[in-house]
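S.K.: Sharing a structure with you now.
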Amino acid sequence: MRLQFAPYILKFKEPAGTSRGVLTEKPTCYMRLFDESDPARYGVGEAAIFPGLSPEADERFFYKLMELQVNVRLGVSTDLSQFPSLQSGFEQCLRDFTGGCRGIYYDTPFIKGNDSIEINGLVWMGSHEEMMERLEKKLAEGFRCIKLKIGAIDWKNEVDMIEAIRSRYDSSQVEIRVDANGAFTMDNALPRLKRLADLQVHSIEQPIKAGQPALMQFLCQVSPLPIALDEELIGKFTVEEKAATLDAIHPQYIVIKPTLTGGFSGAQEWIDLARERNIGWWITSSLESNIGLNALAQWVASLNTTMPQGLGTGALFTNNLDAPIYLDGDRLKYNPGLTLNREQIDALDWRE
């Protein structure tokens, strides 16, 4: 067996405000696995590394990738537990290859066009005017769950946006989630959480910065608003570390990004641990291209989720690759008449 990789730079259609600054482009790395006797038949995946967030977003990524390539040729396993994006991409390659190299990662009613995934409408950080414009667009498109990135502009303006939604829709009509990306401090967290609860916000992701388990545990205890852990999950590589995090903090929800938490297998560990503790959860993408999103959507569809999920749609980038997934209102769907565009994939800069 052989493994090749192709670095790729995704270009944003417009600058995207994140907790890591404003992004105009983002690196990713495609992978394909094949038998040397039939190189045209391969399984494909995406290691969607996220600079500033992925634990392995440094020179170790390519050293480990080269080790993985050698071990694939030798037929021996590679410990990818501390390299979640590589773990995610390699799992995708394996599932596609063993499934017949058809871009089918999970065989469910979703890939037959008989099921769909409800997703939240994400409003990116920006100026007040930009965020209001994006918010109005999401509501017009029919999203019943809106996720607002907050902490980038004035707190009053952010509250004004939420009040604008609530003046037109109550919580039974539109669910509001907010993601603070650690922007709150212990000095202002509680009054802000109270204000958001008064506005019938569903939950808040990561109100304070990760790495403060005692303070986060205190907030989860006293907050009138359910708290979801996000960045707090990153860098927890073993089941024991994951269980200890949940037991120490006792959050109401966790937000699981497979690219940052060890692929489908690592994400499943978080789900199993959360279920044992009656902690809610949902799955979120992490700026993958359509290759990774296609695999991620198929996996999420296999979970029989009932809550809106945080999956992207691939619409952010000017140079995305083609895939069968598409958005219909607030539902992510799969066109069974299409498949991954192997000509586009073949044309990438593949390296060994």
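S.K.: Name, by its number, the condition in (1) surrounded by fewer than 17 Cβ atoms within 10 Å (Cβ to Cβ); (2) of a type outside the set (Lys, Arg); (3) over 25 Å from residue 315 (Cα atoms) that does not hold for residue 130.
M.R.: It is condition (3) that residue 130 fails.
S.K.: Follow-up question, since we're still on this one. Please list, ordered by residue number, the strands (runs of 3 or more DSSP E) wholly in segment 215-326 having 1 or more residues that are of a type in the set (Phe, Trp, Tyr) and under 27 Å from residue 198 (Cβ atoms).
M.R.: Details: elements: 227-229, 253-256, 280-283.
In segment 215-326, 253-256, 280-283 are the strands (runs of 3 or more DSSP E) which contain 1 or more residues that are of a type in the set (Phe, Trp, Tyr) and under 27 Å from residue 198 (Cβ atoms).
S.K.: Every residue in segment 313-352 that is surrounded by 16 or more Cβ atoms within 10 Å (Cβ to Cβ), in contact (Cβ under 8 Å) with a residue 60 or more places away in the chain and in contact with a helix residue (DSSP H, G or I) (Cβ under 6 Å, 6 or more places away or on another chain), please.
M.R.: 320, 323, 332, 334
S.K.: Across segment 34-66, what is the number of residues that are closer than 25 Å to residue 233 by Cβ and outside any loop (DSSP other than H, G, I, E, B)? Step through it out loud before you land on a result.
M.R.: Going through segment 34-66, the residues closer than 25 Å to residue 233 by Cβ turn out to be 45-65.
Checking the rest, the ones that are also outside any loop (DSSP other than H, G, I, E, B) come to 45-47, 60-65.
Count: 9.
S.K.: Looking at segment 139-165, which of its residues are part of a strand (DSSP E or B) and either farther than 13 Å from residue 123 by Cα or among the aliphatic types (A, V, I, L, M) (or both)?
M.R.: We begin by selecting, within segment 139-165, every residue part of a strand (DSSP E or B); these are 145-149.
146, 148 - these are the residues of segment 139-165 that are part of a strand (DSSP E or B) and either farther than 13 Å from residue 123 by Cα or among the aliphatic types (A, V, I, L, M) (or both).
S.K.: Could I ask something else about it? Being in contact (Cβ under 8 Å) with a residue 24 or more places away in the chain and closer than 30 Å to residue 304 by Cβ is the filter here, so list the residues in segment 136-165 that pass it.
M.R.: Hits for segment 136-165 are 139, 141, 142, 143, 144, 145, 146, 147, 148, 149, 165.
S.K.: Same structure again: Would segment 27-34 turn up any residue that is in contact with a Gly (Cβ under 9 Å, 6 or more places away or on another chain), outside the structural domain of residue 206 (by TED's automatic domain parsing), modelled with pLDDT of 95 or more and closer than 28 Å to residue 134 by Cα? Don't jump to the end; show me each part of the working.
M.R.: Step one: filter segment 27-34 for residues in contact with a Gly (Cβ under 9 Å, 6 or more places away or on another chain), giving 28-34.
Still in the running and outside the structural domain of residue 206 (by TED's automatic domain parsing): 28-34.
Of the ones still in play, those that are also modelled with pLDDT of 95 or more are 28-34.
Imposing the further condition that a residue be closer than 28 Å to residue 134 by Cα reduces the set to 28.
Yes, because at least one residue in segment 27-34 is in contact with a Gly (Cβ under 9 Å, 6 or more places away or on another chain), outside the structural domain of residue 206 (by TED's automatic domain parsing), modelled with pLDDT of 95 or more and closer than 28 Å to residue 134 by Cα.
S.K.: From the set of residues in segment 83-105 that are under 18 Å from the mean Cα position of the chain (by Cα) and in a loop (DSSP other than H, G, I, E, B), which is nearest to residue 337 (Cα to Cα)?
M.R.: Going through segment 83-105, the residues under 18 Å from the mean Cα position of the chain (by Cα) turn out to be 83-92, 105.
Keeping just the survivors that are in a loop (DSSP other than H, G, I, E, B) gives 83, 105.
On the way: 83: 34, 105: 16 Å.
So the residue we want is 105.
The values are calculated or read from the model by the stated rules, or taken from the named source; none is laboratory data. Please read all numbers here as calculations on a predicted model, not as lab measurements. Heads up, the Cβs are rebuilt from the backbone with ideal geometry, glycines too, and the neighbour counts pull from every protein chain shown.
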